[in-house]
1. Mind listing whichever residues of the stretch 336-372 are under 25 Å from the mean Cα position of the chain (by Cα), more than 28 Å from G63 (Cα to Cα) and charged (D, E, K, R)?
2. So which residues in the stretch 177-205 are assigned to a strand (DSSP E or B), within 18 Å of R367 (Cβ to Cβ) and of a type in the set (S, T, N, Q), if there are any at all?
3. From the list A171, A153, exactly one residue is among the aliphatic types (A, V, I, L, M) and surrounded by fewer than 14 Cβ atoms within 10 Å (Cβ to Cβ). Which is it?
4. Could you tell me which of the residues A99, A133, A117, A123 is under 16 Å from W57 (Cβ atoms) and either assigned by TED's automatic domain parsing to the domain that holds A76 or of a type in the set (F, W, Y) (or both)?
5. What residue, among those in the stretch 152-175 that are more than 17 Å from I229 (Cβ to Cβ) and assigned to a strand (DSSP E or B), is farthest from the chain's Cα centre (by Cα)?
6. Could you grab me the full set of residues in the stretch 243-263 that are among the aromatic types (F, W, Y) and either in contact with a helix residue (DSSP H, G or I) (Cβ under 8 Å, 6 or more places away or on another chain) or not in a loop (DSSP other than H, G, I, E, B) (or both)?
7. Do any strands (runs of 3 or more DSSP E) entirely within the stretch 23-114 hold 1 or more residues that are at pLDDT 95 or above and under 17 Å from I125 (Cβ atoms), and if so, which?
8. What about F316, is it surrounded by fewer than 18 Cβ atoms within 10 Å (Cβ to Cβ), hydrophobic (A, V, I, L, M, F, W, C), assigned to a loop (DSSP other than H, G, I, E, B) and at pLDDT 80 or above?
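The values are calculated or read from the model by the stated rules, or taken from the named source; none is laboratory data. As the structure is a computational prediction, the values presented were derived from the model and not from experiment. As a convention, Cβ positions derive from the backbone with ideal geometry for all residues, glycine included, and neighbour counts pool all protein chains shown.
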Amino acid sequence: MKLRLHLLAFTSLLVTAPGWAQFSTADVLYWVGAGQDSSVLVVDFQNGSFDGSSYAWGFLHDGTATGETMLTAIAAADVNFSVNVAGGFLNDITYGVHAGMGGMPDYWSTWSGTGIADLDMNAGISTPLVNGAWFACSYTDFAPPLEPTQPFAAFDPFFFTASDVTYWVGAGANSAVLIVDFQDGSGTSSYAWGYRFDGTTDGETMLNAIASADATFSADMAGGFLNDIEYGSHQGMGGAPNYWSTWSATNLGNWTMNMGISTVVENGELFGCSYTDFFPALRPAYPVPASGTTAIAEQDGTELQVYPQPATNTLFVNTGATATPVVVYDLAGRRMHEEASTLGLRSIDVGAWPAGVYVLHTVDARRTIVVQ
C-alpha cells in the first residue's frame, strides 16, 4: 500500500515528464531464430499497466517466414511467452502476468511496418515477413483498432541467473538474487548480489544483509519504505530526482512491480530495485555481478555502445574512456573474436561470421548482438 500511495503522489510529475526516446531495432535485446533476414515483433496487451504492456523481440529468419512463424518461434524460445494459433487465426497471447485472450473481452489485431511509428493493419498472421520490417500484435476492441504503442525490449529470461552471481551473503538452504539498477546512463548501472536463507525472506531483509556485508553498498530504509541506495560511485537518492521502485520475478523476463521492500521472496526468486521517474516505470535491466570494491573502480567512465544492430559487415564497439578488453562468443560458447584492452571506438569485421546471435563481453558488461 505504501508504494501505491507513493505513486499517486507523483501524478503531476508523470503528466509533465518528458517522453522517452522512440524504440528502434537497435534497442532489441532478445533475438531468436537463425537466418540472413531480421524482423522485429511487437506485442501490445493494451492493458494500461503502469510498468508496461508493450514488448519487443527480434527474429532471425531465411526470408520465407510469416507472422505466425515468428510468433511460434519466439514462444518456443521464451519460457514467459505463449501463443494460441488455430486455423491461421491468432487467438491468445500471454507474456508473464500479461494476457490477451480472444474474445475475453477483445481480440488481436496484426500490423506491419518499418518501425513503431508507421505500422498499418495487415491481413493477419499469414502475412510474409520482409527483411528489416516489423510485425506487431495489438489487443483491441476495434472501436477503433488501437495501434501498438512504444514497446519495452523483452529480456532474455536466462541472460543472467544465480549461477552468474559472485557475491553471496547469508546462510541457509534457499537462495535469491537482489538486482539494483541505478538507471543513471553509465555504461553499467545494474548489479546483482546473492542472498542465502531458510524458509522465506523479504526485500528489506536482503537489502540490510547485503549492506552489512558489502562495505561499498548502503541502503536507507524507514517505515517500510526504500529511500536511498548507494553503491560505490552510483547513487539513487529518494526524490533527488527520482524514486526507487521494487520488483519481483522468477527470471529476467517476467519482472512485475510489487508492493515494496516488505514483499516476500521465495527460494529461487529475484528481487529488484530500480531508480526511475515512473514515466514509464523502468524494470531492472541486465545486471553484472557485484564484487565488492573492485567492481566499482571498473565502472568509472565506462560507456559501452555497440552498433549497428543487426550488423552485416562491420560491428562498431565504443568503450568510452575506459580501457577494456572485448571478447565475443557464439551461443555454443565458441570464442569468435578477442581484443586486448583499448579505449574509445573500435571496429570488428563480422562479414564472414554465420548469421545469428552472439554475446559480447567486456570486463564489466555483456551485450547481445546480432549478425545477419
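1. Result: D364, R366.
2. Filtering the stretch 177-205 for residues assigned to a strand (DSSP E or B) gives 177-181, 190-197, 201-202.
Okay, now just the ones that are also within 18 Å of R367 (Cβ to Cβ), so 179, 181, 190-192.
S190, the sole residue that qualifies.
3. On the way: A153 fails: surrounded by fewer than 14 Cβ atoms within 10 Å (Cβ to Cβ).
Exactly one of A171, A153 is among the aliphatic types (A, V, I, L, M) and surrounded by fewer than 14 Cβ atoms within 10 Å (Cβ to Cβ), namely A171.
4. Answer to the selection: A133.
5. Step by step, filter the stretch 152-175, then rank; the result is G170.
6. Filtering the stretch 243-263 for residues among the aromatic types (F, W, Y) gives 243-244, 247, 255.
The answer is Y243, W244, W247.
7. Values: elements: 31-33, 37-44, 54-61, 81-86, 89-95, 98-101, 107-113.
Hits in the stretch 23-114: 37-44, 54-61, 81-86, 89-95, 98-101, 107-113.
8. The answer is no for F316.
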